[in-house]
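Structure first, commentary second.
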Amino acid sequence: MNKLTKIAAIQMCSGIDPNKNLAILEKLVVAAKKAGATYVLTPEMSICFAGSSADLAKHAFVFENNSDIAKCSAIAKNNKVFLHIGSLAIKAPAGKYYNRSVLFSPTGEIITHYDKIHLFDANPPNDRPYKESDNYERGNEIIIAELPKFKLGFSICYDLRFPSLYNELCQAGAEILAIPAAFTVPTGKAHWQVLLRARAIETGSFVIAAAQGGNHENGRATYGHSMIINPWGEIVANMNNDSEGFIIADIDINKVDDARKKIPTLTKKVVSFVKR
């Protein structure tokens, strides 16, 4: 079966104004589509990279009848592409927000969405502490979407550090792992590439990672270096900087089956160890 397709990852330096971010996002989606992409992934917090609770209150709304969602739907439809918004803030019923990823079909319909499970509560080196749980509710459900050429597993940024999530996604059939992110510069330099390659190798999957990059309006700095990695852990496309742009790669989903047959880790049961 022909499972060849082109996938693209967009790299942005999102600010606080959704309209400005959406204009940049649309420009990059148009360029990726012209280059042949059938599926396009954007970074975490593509629509508004809020710097405070006040920014969230001003720019994040409920999911239903959301004007930013409607604009993303139109971009997908106008370009006839599967558009995967890496994430945006969505107002939750209890007063906090969801860090939500949304996948649109080429007709602009919402296929599914995923709420970030592992929230970034950490004190990264050479950066200010960050506690995502102050403003966000965690998700509790893994999500897989079946597209015409592949099955897509969802995750967002800090999820990358939890290999059990990806093992579960791939046990359930995922062949491409989407990892939109906004990694800090120190953690990006130290861990970004090695973690992405590890997730691909461990599961025998393609990994597509769309990153925020540069110095943001909210005062944060992100690492960039968006990547596409094959099931053998080889980098097949790499932004190699923190600039705005996109990467694209031809992929053959049959390579997932090949890698998993050669190194059948997903067929192994977890061993229970005895404590002494």
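Each value in this text was obtained by applying a stated rule to the coordinates, not by laboratory testing. As the structure is a prediction and not an experimental result, all values here were calculated from the model. Here Cβ is always computed from backbone atoms with ideal geometry, including for glycine, and neighbour counts include all displayed protein chains.
A few notes on this one:
- Rounded is the label for segment 4-267, because the ratio a/c of its alpha-carbon gyration tensor axes (a ≥ b ≥ c) stays below 1.5.
- Amide H contacts of residue 177 (H built 1.01 Å from N, under 5 Å, at least 5 apart or other chain): 153, 206, 207, 208
- Take every DSSP beta bridge whose two residues both sit in the chain; close to 70 percent of them are antiparallel.
- Neighbour-count order for 42, 203, fewest beta carbons within 10 angstrom listed first: 203, 42
- Relative contact order %, segment 4-267, counting alpha carbon pairs below 8 Å whose residues are six or more apart: 21
- For the listed residue pairs 27/71; 33/261; 6/255; 71/149, the alpha carbons are over 24 angstrom apart in 33/261; 71/149.
- One chain, two ends: residue 134 and residue 109. Fully extended at 0.36 nm per residue, the span grows by 5.8 nm beyond their Cα-Cα distance.
- For trypsin sites (Lys or Arg not before Pro), no site in segment 120-184 is both called loop by DSSP and has at most 11 other Cβ atoms within 10 Å.
- Gap separating the Cα centres of segment 94-146 and segment 152-218, nearest whole Å: 13
- With K and R counted +1 and D and E -1, the other residues having a Cβ less than 14 Å from that of residue 47 yield a net charge of -1.
- Over the chain, DSSP H runs of length four or greater, each weighted -39,500 (n - 2.57), average out per residue to a 222 nm ellipticity of -7000 deg cm²/dmol.
- Counting beta carbons within 10 Å around each of 229, 144 and listing the fewest first gives the order 144, 229.
- In the chain, excluding the sites themselves, the longest stretch lacking any of the GluC sites (Glu not before Pro) that are in a DSSP loop with at most 14 other Cβ atoms within 10 Å is 142-233.
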